[in-house]
Amino acid sequence: MIPLQALLLLLMGFVGTTVVLARDPLRQAIVNSVYGLIGVLLFVVFQAPDVALSELVVGTVAMPLVLLVAILKVRRK
Amino acid sequence: MSYLPFAVAGWLFFVGLYGVVTSRNYIHLTVCLTVMQSSTYVVLLAIGYRDKATAPIFVGISRTARTVDPVVQALTLTDIVVSVVVAALLLSLTMDMFGRAKTVDPDEVRELSS
Amino acid sequence: MSRRSRIGLFAATAPIFAALVFWGLAGLPDFGHYNHPYGKLLSRAAPVDRHTSNVVSATTFDYRGFDTLGEEFILFASAMGVALLLRDVRDVESRRPYDRVEDDAVQLLGILMVPVTVLLGLWLAAYGYITPGGGFQGGVVLAGGLVLLWAAGRYRAYRAASPIPLVELAEGVGAGGYVVVGLAALVSGAPFLQNLFGPGHFGTLLSGGSIPFLNWAAAIEVAAANVLLYNEVFEEYALSLRSRR
């Protein structure tokens, strides 16, 4: 195992814990985007470019959008 | 040291499960569920990895090059795209429930109203 | 079950479950010593049999095409579920809010980036079986181009660019097209989803047999399902705008 893989795995575990511990949904949405970015780097280092593309595209376009509108809807009324 | 990917995946699964169990907000619960799903991606890719191997894309490399496993990558990439749409379904359930019960706390929504 | 009993159950059973899971994970082969014959066989066989250089796409749409069919239908059902949940209290379309971005720099960026994003999505989907990419990724980027139209432009421009009947038709065509290609193989006497056409030239767009058709069916279906999803989401946002004014 190369050191970059070990570093990214440890980082992923740490940021994943932070995602769960962030109780406010808006803060959690931002930490979730960071988590997705580390996931992209990890998938690239695991020699999986298709999976990295998938996670990048989904974490940029789809997930923040749906999360933010849900947070907005639940707060407005 | 070679147990690290599986240890991180197991840790992510149980941290996500802890988040789901102790959550006070359905949106927080949905994101914790996606953390649990991402632990399975780490396990799958860690199973398929080979030392000193490259990606299974034969552009510019010889056809007998040493590659990682393509089957787990195929399973994972469709999984990622589908998981966000399922998360959107869960969030729309949350929005609908908020419209009726005016709360997103799992403990305050006790019974189905008649 | 109440919160206290739920947490108590978790605290009691999670350590046992965790011990089992970690013990089971320790029984896997060491990280890096992958030794299954199936993956090695596919890496050798796909460039030779199907003339595709992206073995992952060949696996998704040919060797494990049946699993992808299941995933596509999960997508289809989830988009339909979101539409069912969020569509009931929507009023007529003539009262759409006139919501536009005021800042000129953001609008200029949107005008420049929307065609780039759509082209990127089309390229990812088209060359998906040659270089990294594929129908799934390209479909989401295509839907993302439409999101950019809404985010950096006008809500009405977004609505004009994505008429709902057309998007629903596209989703049905994508999901049904996949099944039709599989059934075509069945009709001609081969098993369901067998690769019918000849392999073609390695490294060009004309390779892979029926993989390009399945690839594009998946791209169209994923793009349409995502657009339907975002449409429901934007309608909810527009509804909240209207109630604010």
Whichever residue in region B:56-74 is surrounded by fewer than 22 Cβ atoms within 10 Å (Cβ to Cβ) and of a type outside the set (Val, Ile, Thr) and, among such residues, is nearest to residue B:32 (Cα to Cα): B:66
So residue A:75 passes all but one of these: (1) out of contact with any Phe, Trp or Tyr (no Cβ under 6 Å at 6 or more places or on another chain); (2) facing chain B (nearest Cβ under 9 Å). Which condition number does it fail? (2)
For region A:44-57, enumerate the residues that are closer than 20 Å to residue C:145 by Cβ and either surrounded by 24 or more Cβ atoms within 10 Å (Cβ to Cβ) or in contact with a Phe, Trp or Tyr (Cβ under 6 Å, 6 or more places away or on another chain) (or both). A:53, A:54, A:55, A:57
Index of the failed condition, residue A:8 passing every other in (1) under 15 Å from residue B:34 (Cβ atoms); (2) at the interface with chain B (Cβ under 10 Å from one of its Cβ atoms): (1)
Condition first: crowded, with 23+ Cβ neighbours inside 10 Å and of a type in the set (A, V, I, L, M, F, W, C). Now tell me which residues in region B:76-86 satisfy that. B:77, B:80, B:81, B:84, B:85
Positions within region A:47-65 being part of a helix (DSSP H, G or I) and more than 7 Å from chain C (Cβ to nearest Cβ), in sequence order: A:51, A:52, A:55, A:56, A:59, A:60, A:63, A:64
Being surrounded by fewer than 16 Cβ atoms within 10 Å (Cβ to Cβ) and assigned to a helix (DSSP H, G or I) is the filter here, so list the residues in region C:162-178 that pass it. C:164, C:165, C:166, C:169, C:172, C:173, C:176
Step by step: first the residues of region C:12-56, then only those that are over 25 Å from the mean Cα position of the chain (by Cα) and part of a strand (DSSP E or B), then the one that is nearest to the other protein chains (Cβ to nearest Cβ). Which residue is that? C:32
Need pairs with beta-carbon distance below 6 Å; first residue farther than 17 Å from residue A:21 by Cα and within region B:2-16, second part of a loop (DSSP other than H, G, I, E, B); sequence gap 6+ or separate chains. B:2/C:30; B:2/C:31; B:5/C:31
Hey, among the residues in region C:122-144 that are touching a Gly at 6+ places or on another chain (Cβ under 6 Å) and at the interface with chain A (Cβ under 9 Å from one of its Cβ atoms), which one's farthest from residue C:232 (Cα to Cα)? C:128
In region C:151-207, how many are over 20 Å from residue C:70 (Cβ atoms) and over 22 Å from the mean Cα position of the chain (by Cα)? 22
Residues located in region C:15-27, provided they are among the aliphatic types (A, V, I, L, M) and loosely packed, with under 15 Cβ neighbours inside 10 Å: C:16, C:19, C:20, C:26
Flag for residue A:62 being small (Gly, Ala, Ser) and buried (at least 18 other Cβ atoms within 10 Å of the Cβ): yes
Which condition number in (1) surrounded by fewer than 21 Cβ atoms within 10 Å (Cβ to Cβ); (2) within 8 Å of another protein chain (Cβ to nearest Cβ); (3) touching a helix residue (DSSP H, G or I) at 6+ places or on another chain (Cβ under 6 Å) is the one that residue A:69 fails? (1)
Which condition number does residue B:103 fail, the rest of (1) part of a loop (DSSP other than H, G, I, E, B); (2) under 25 Å from residue C:237 (Cβ atoms); (3) of a type in the set (Val, Ile, Thr); (4) facing chain C (nearest Cβ under 7 Å) being met? (4)
Residue hits (region C:57-85; more than 7 Å from chain B (Cβ to nearest Cβ), within 20 Å of residue C:125 (Cβ to Cβ) and of a type in the set (A, V, I, L, M)) are C:58, C:69
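Every number here is computed from the coordinates shown, using simple stated rules; none is lab data. Remember, it's a predicted structure, so these values are computed and weren't measured experimentally. Note: ideal-geometry Cβ built from the backbone for every residue, glycine included; neighbour counts use all protein chains shown.
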